[in-house]
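Written out below as structure tokens is the structure these notes cover.
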Amino acid sequence: MREFLLWISRVFDITAYLGITKIQGLLWSVADIVMILAFLLVVDILIRKQGSRVSCWRYILLFSTLLMTPFLLFTRSSKAFFLLESAIFGIQYLILLYTLIKNSRAVVKVLLTLNPSCGHD
Amino acid sequence: MIELPAMPIFQWIPSFNILMGLMWFFAEGLCLVYIRWAYLRLGLPEVSSNRSFAYLAILVFLSSVAIAIFIAHITNGPVGGRLTLYLNSTFWRFLCTGWVLIEGGVLFYVIELTGLFPAQKKGRLVKCLLFTTVLIFFAFYLSFEYYFWSFSFQERLKLLQLANLSRFFIKVSGFMWILIEWGVAIKGLQFLKYLRFEREAGR
């Protein structure tokens, strides 16, 4: 491993780093969008049983991160990439945390009624 | 010319990168605490207390913040580039590894939680693969830190080469995040499909 790491330290320069980072950034940002969209839709289905629903601004904010994501490919420095990634992740995490804090109790309550073999309230 | 007084407080403030990293660390940790709470409430109501786990998460997060402030104080002072690079990059790699472990935990509890419902797979193979992959990654992290430490202070590598090495580790972590986040996304879509089917069946 020592020799491998010494070799990596010589060949893995900033250009290789930025190239791989752009591809990875695209892949994990899309994964986050799919994950949060699935989460919002699951929460929406469940809380509709209690007469409420997920407000559309959360979907709009998530969509805004989808629009920002392709620009990751056009960033020219790791600093620019990090700033854009921070904006994308910042919005995504805010949606996720807001939904968790606001709706998690209601979601668990409905899930308990969906499957009586699960615990008890 | 008016000279501004020295503001020692700025020496204690971590860089923007580290602040963002800590914010993501906090957000992901909170997701893990929530998903674990939901799983315990649904699956194991008799041991449904999540409090000690939440306290542990808070402790880890606050310790990380304290370490970040300490590193900022040291590296903003008159120290050599080698020590600055070592401390900053080691802390960043610690955060990267933390995200992998937290996301692995989230995927584990998502599989456990969805597995409580009928027609949902228990995901034993996925859990086994997840455990093995995260374990191998963690072993790689520990051995990487050992070599990085020795390279940093033996002056065998130049600063640029050390930075290259650290960046390589970050890319390996990035591969893990992609793998795990897609795992969570796919489980989420499967559970959504199940709920839609239940809704159409009128349950």
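The values are calculated or read from the model by the stated rules, or taken from the named source; none is laboratory data. Every value quoted in this text rests on a predicted model; they were computed, and no experiment measured them. Heads up, the Cβs are rebuilt from the backbone with ideal geometry, glycines too, and the neighbour counts pull from every protein chain shown. Keep in mind that these areas ignore ligands, DNA and RNA; they rest on the heavy atoms of the full protein, side chains included. Shrake-Rupley method; radii C 1.70, N 1.55, O 1.52, S 1.80 Å.
How charged is the neighbourhood of A:SER86? Take every other residue with its Cβ under 14 Å from the Cβ of A:SER86, and add Lys/Arg as +1 and Asp/Glu as -1.
Working: positive: A:LYS79; negative: A:ASP32, A:GLU85.
It works out to a net charge of -1.
Interface size between chain B and chain A, please: total buried accessible area, 1.4 Å probe, rounded to the nearest 100 Å². If you can, show how the numbers build up before the last one.
Details: alone 13460 and 8610 Å², together 17220 Å².
Chains B and A together bury approximately 4800 Å².
Might you tell me the accessible area per residue for chain A, computed with a 1.4 Å probe and given in Å²?
Details: 6150 Å² over 121 residues.
On a per-residue basis, chain A sits at 51 Å².
Measure off, as a whole percent, the carbon and sulfur share of the 1.4 Å-probe accessible area of region B:12-201, all protein chains present. Before the final figure, lay out the partial values.
Working: 6780 of 9480 Å².
That fraction is 72 percent.
On the principal axes of its Cα set, how long, how wide and how thick is region B:99-195? Give whole Å, largest value first.
Answer, in whole Å and largest first: 59, 18, 15 Å.
Once phi is turned into θ = phi - 60°, what whole-Hz ³J(HN,Hα) does the Karplus curve with 6.51, -1.76 and 1.60 give for every residue of region B:166-182, x standing for Gly and Pro?
Coupling constants for region B:166-182: 5, 4, 4, 4, 4, 5, 5, 4, x, 4, 5, 4, 4, 4, 6, 5, 5 Hz.
Could you please state how large a percent of the accessible area of chain A is carbon and sulfur, counting protein chains only and using a 1.4 Å probe? List each step's numbers first, then the result.
Working: 4320 of 6150 Å².
Accessible surface attributable to carbon and sulfur in chain A totals 70 percent.
Looking at region B:109-159, which GluC sites (Glu not before Pro) are in a loop (DSSP not H, G, I, E or B) and have at most 13 other Cβ atoms within 10 Å?
Loop-located and lightly packed - B:GLU155.
Once you place label points 7 Å from the Cα toward the Cβ at A:LEU26 and B:GLU155, how far apart are they in nm?
4.4
I need the semi-axes of the equivalent ellipsoid of region B:12-201: take the C-alpha gyration tensor, multiply each eigenvalue by 5, square-root it, list largest first in whole angstrom. It would help to have the intermediate numbers written out before the result.
On the way: eigenvalues 281, 70, 35 Å².
Three semi-axes, in Å: 38, 19, 13.
Along the principal axes of its C-alpha atoms, what lengths does the protein assembly as shown span, in descending order and rounded to whole Å?
Answer, in whole Å and largest first: 71, 53, 41 Å.
Excluding residues fewer than 8 places away in the same chain, name every one of the aspartates and glutamates whose C-alpha is closer than 14 Å to that of A:LYS109.
By straight Cα distance, A:LYS109 reaches A:ASP44, A:ASP121.
Round to a whole angstrom and tell me the spacing of the C-alpha centers of region A:64-94 and region B:56-72.
For region A:64-94 versus region B:56-72, the Cα centre distance is 26 Å.
Filter the cross-link list A:LYS22/B:LYS121; A:LYS22/A:LYS79; A:LYS49/B:LYS127; A:LYS22/B:LYS193; A:LYS102/B:LYS122; A:LYS79/B:LYS158 down to pairs whose alpha-carbon distance in this structure exceeds 24 Å.
Details: A:LYS22/B:LYS121 34 Å; A:LYS22/A:LYS79 12 Å; A:LYS49/B:LYS127 31 Å; A:LYS22/B:LYS193 31 Å; A:LYS102/B:LYS122 28 Å; A:LYS79/B:LYS158 22 Å.
With Cα atoms farther than 24 Å apart: A:LYS22/B:LYS121; A:LYS49/B:LYS127; A:LYS22/B:LYS193; A:LYS102/B:LYS122.
Can you compute the label reach from B:LYS171? Point 7 Å from Cα along the Cβ direction, backbone N cut-off under 11 Å, restricted to region A:1-34.
A:8-24
Around B:ARG167, under 11 Å between beta carbons, what's the net of Lys plus Arg minus Asp minus Glu among the other residues? Kindly include the intermediate steps, with their values, before the conclusion.
Working: positive: B:ARG93, B:LYS171; negative: A:ASP13.
It works out to a net charge of +1.
Whole Å is fine, so just give me how far the alpha carbon centre of region B:76-125 lies from that of region B:142-181.
Region B:76-125 and region B:142-181 have Cα centres spaced 16 Å from each other.
Determine the per residue accessible area of region B:12-201 with all protein chains present and a 1.4 angstrom probe, expressed in square angstrom. Display every interim value, and only then the final one.
Numbers: 9480 Å² over 190 residues.
Result: 50 Å² per residue.
Which FRET efficiency value, to the nearest 0.05, is calculated for A:VAL11 and B:TYR146 with the Förster distance at 22 angstrom and r the Cβ-Cβ distance?
Details: r = 21 Å, r/R0 = 0.97.
The computed FRET efficiency comes out at 0.55.
In sequence order, what are the phi-derived ³J(HN,Hα) couplings for region B:90-103 according to the Karplus relation 6.51 cos²θ - 1.76 cosθ + 1.60 with θ = phi - 60°, rounded to whole Hz, with x for glycine and proline?
Couplings: 5, 5, 5, 5, 4, 5, 4, 5, x, 4, 4, 5, 5, 5 Hz.
Please work out the Kirkwood hydrodynamic radius for chain A, using every pair of different C-alpha atoms, and report it in angstroms with one decimal place. Intermediate results must be reported in sequence, preceding the final value.
Working: mean 1/r = 0.0589 Å⁻¹.
Evaluated over chain A, this radius sits at 17.0 Å.
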